[in-house]
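S.K.: I'd like to ask you about the structure that follows.
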Amino acid sequence: MENIKVIVFDLYNTLVEIKDNRNFFLDLYKSSLNGFNADIHSYFTYVLIKNKKDLFSEMPEEFSRLYKDKQENLISELESVVVYKEVNSVLEKLKQNYKLYLISNLAFPYAKPVYNLGLDSYFDEIIFSYECGFLKPDTNIFKRVELASEFHSEDILMIGDSLKADIKGAKEIGWKSIQINRKQAPLDNQISNLNQLKDFGIVI
């Protein structure tokens, strides 16, 4: 891939993984009396685009109660987050040659490991759905990178695990993309770890 100036990463299952996945927000939904008066798609969309203050003030009281009662499960999840073994060294090298951005669809608690693990030091900017109010593959979240980096779509590469959110989302706005597949043997045009980016002409 020639002329890449900006590399954009997804977060979970791309750079980090949850070893002890408790599906915290799904558990809250299943434990509620009537799904907080929402279908599951609407519920998750809401959780992913609302900051902490708005989420707790706008959701039914039952949500706050269940969140508090089950918070130990969330803590266990967050404490189990680990960085994939090659990530730090590759990001350190990429930082020398490219502008790096992080965009992720996530609920507010799941941002904490980024800072606890020191990943924030590699990125020119971090854009989370709960802060900007948009979810990948909405082009609005991708456009924020273009505005911040001042580069055009043809200069930008997206790397993520989700075909819909990351790969198709990037394609819709004209970015190049590479799907990372850490869970099984990668297919053509996929990678299983970030070191393989050099096979696509990325300088590492």
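S.K.: Would you check if there is a residue in the range 64-86 being in contact with a strand residue (DSSP E or B) (Cβ under 6 Å, 6 or more places away or on another chain), at pLDDT 95 or above, within 19 Å of residue 202 (Cβ to Cβ) and acidic (Asp, Glu)?
M.R.: no
S.K.: Shifting gears a bit: What pairs come out if I take residues in the range 25-42 that are under 13 Å from residue 67 (Cβ atoms) and pair them with residues that are among the hydrophobic types (A, V, I, L, M, F, W, C) and in a loop (DSSP other than H, G, I, E, B) whose C-beta lies under 7 Å away, six or more apart or interchain?
M.R.: If the second residue must be among the hydrophobic types (A, V, I, L, M, F, W, C) and in a loop (DSSP other than H, G, I, E, B), the pairs left are 25/107; 36/59.
S.K.: Sticking with this structure for a sec: With the requirement that a residue be closer than 22 Å to residue 170 by Cβ, open to solvent by less than 30 Å² (accessible area, probe 1.4 Å) and either in contact with a Gly (Cβ under 6 Å, 6 or more places away or on another chain) or assigned to a loop (DSSP other than H, G, I, E, B) (or both), what does the range 87-107 give you?
M.R.: 98, 106
S.K.: Ok, one more. Can you pull out the residues in the range 13-41 that are under 30 Å from residue 92 (Cβ atoms) and out of contact with any helix residue (DSSP H, G or I) (no Cβ under 7 Å at 6 or more places or on another chain)?
M.R.: 13, 14, 17, 19
S.K.: May I ask you to list the residues in the range 79-107 that are of a type in the set (S, T, N, Q) and more than 23 Å from residue 45 (Cα to Cα)?
M.R.: Narrowing the range 79-107 to residues of a type in the set (S, T, N, Q): 80, 88-89, 96-97, 104-105.
Across the range 79-107, the qualifying residues are 80, 88, 89, 96, 97.
S.K.: Restricting to helices (runs of 4 or more DSSP H) lying wholly in the range 1-67: which have 2 or more residues that are charged (D, E, K, R) and open to solvent by less than 60 Å² (accessible area, probe 1.4 Å)?
M.R.: Of the helices (runs of 4 or more DSSP H) lying wholly inside the range 1-67, none has at least 2 residues that are charged (D, E, K, R) and open to solvent by less than 60 Å² (accessible area, probe 1.4 Å).
The values are calculated or read from the model by the stated rules, or taken from the named source; none is laboratory data. All figures in this text were calculated on a predicted structure; none of them were measured in a lab. Here the Cβ is made from the backbone with ideal geometry for all residues, glycine too, and neighbour counts use every protein chain on show. All accessible areas refer to the heavy atoms of the entire protein, side chains included, with ligands and DNA or RNA removed. Shrake-Rupley method; radii C 1.70, N 1.55, O 1.52, S 1.80 Å.
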